[in-house]
Each structure stands twice: as structure tokens, then as C-alpha cells.
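Nothing in this text is a laboratory measurement; each read-out follows from the coordinates by a stated rule. These figures come from a predicted structure and were not determined experimentally. Glycine also receives a Cβ, built like all others from the backbone with ideal geometry; neighbour counts cover every protein chain displayed.
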Amino acid sequence: MDFALKDYKKARFNYSMATFIGKEKRDIEFYQLARVYKELGKFKEELKFYKKAYEENGKNYKALYQLATTSENFYEDKKIAYKYYQNYIDRFENKDSLLTAYAKVRLQEIKKYYFLHGKILE
């Protein structure tokens, strides 16, 4: 609720506490914490918590997708994002048609960029 009300300080505290004391899978809390950091413009922390959300629950396709898009925007080296997008396609291609379509376009664009600049992708 705090996130929806744009009370990011309180949201960050509540999600942090939930991830600290939670005994069940905490991927949703990690994911929400990443969203808070996105709104605060703290991209390193955003990446960190999307990664934690995905590590906590390997079925959280939205966390992997956000990890890919945020990595692409944050890192100059697009190989990192390429690997996340490829992982997303490999594991979750049929999960969400819109996210999958975007991931496929980004894979092609990244490939094209590296091909045009004579760089090796893998």
C-alpha cells in the first residue's frame, strides 16, 4: 500500500523487514523492493533486488524480465542483458506473450549492435 501511495521510504522499510523476517519465499518482497529503488533512481539496488527475487524463486519470470531490461539500461555492456533475455526466452517463452515479444526484439537488436561493431557476443 505504501508503494501505491508513493511513500517510498516507508515502503522500503516494510519490504526490507518482510525480506529479513520472512520464512517463506520472499521473491515478491524482493521484487517490490526493487520497484521502490527504481522509483528512487537507485539502479544498482534495483538490479540487486530483482536478482534476489529471481534467485529466491526461479519461477518468477517477471523478476528475470525486469533484470534483463534494467541491466540493458544500466550497463554499457549489453552482453549482460543479452544473457538475461536469452534465459528468459529459454525458460518462460510461453508465459507472457508481450514480454516474450519484447525480449525477442531486444535480443535481435543487441545481436545487430554487436555484429555491426565487430564484437563477439558470447
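Using only Cα atoms, what is the ratio of the radius of gyration of the stretch 59-122 to 2.2 N^0.38 Å?
My calculation over the Cα atoms of the stretch 59-122 gives 1.06.
In a shell of Cβ-Cβ distance under 12 Å around F49, excluding F49 itself, what net charge do Lys and Arg (+1) and Asp and Glu (-1) give?
+3
HN-Hα J couplings of the stretch 50-57 from phi, Karplus 6.51/-1.76/1.60, θ = phi - 60°, integer Hz, Gly and Pro as x?
Karplus-based 3J(HN,Hα) across the stretch 50-57 equals 5, 5, 4, 4, 5, 5, 5, 9 Hz.
With θ set to phi - 60° and the Karplus curve 6.51 cos²θ - 1.76 cosθ + 1.60, what are the ³J(HN,Hα) couplings of the stretch 33-45 in order, to the nearest whole Hz, using x for Gly and Pro?
The phi angles translate into 5, 4, 5, 4, 5, 4, 5, 7, x, 9, 6, 4, 5 Hz.
What is the extension gain from N94 to K48, computed as 0.36 nm multiplied by their sequence separation minus the C-alpha to C-alpha distance, in nm to one decimal?
Length difference between fully extended and current span is 14.0 nm.
Tell me, what HN-Hα J-couplings in whole Hz come from the Karplus equation 6.51 cos²θ - 1.76 cosθ + 1.60 at θ = phi - 60° for each residue of the stretch 93-110, using x for Gly and Pro?
Whole-Hz 3J(HN,Hα) from phi for the stretch 93-110: 3, 9, 6, 9, 5, 5, 5, 5, 4, 5, 4, 5, 4, 5, 4, 5, 5, 5.
Consider just the alpha-carbon atoms of the stretch 16-87 and return their Rg together with their Dmax, both in angstrom.
11.9, 37
Could you list K52, K104 in order of exposure, starting from the residue whose Cβ has the fewest other Cβ atoms within 10 Å?
K104, K52
Can you put Y88, Y31 in order, fewest other beta carbons within 10 Å first?
Y31, Y88
When every alpha-carbon pair in the chain is counted, what percent end up more than 22 Å apart?
Summing the P(r) tail past 22 Å for the chain gives 39 percent.
Along Cα→Cβ, 7 Å out, is where each label goes; now give me the distance between the ones at K25 and V105 in nm to one decimal.
2.9 nm
Mean separation of Cα pairs under 8 Å and 6+ residues apart, divided by the residue count of the stretch 33-78: what relative contact order is that in percent?
29 percent
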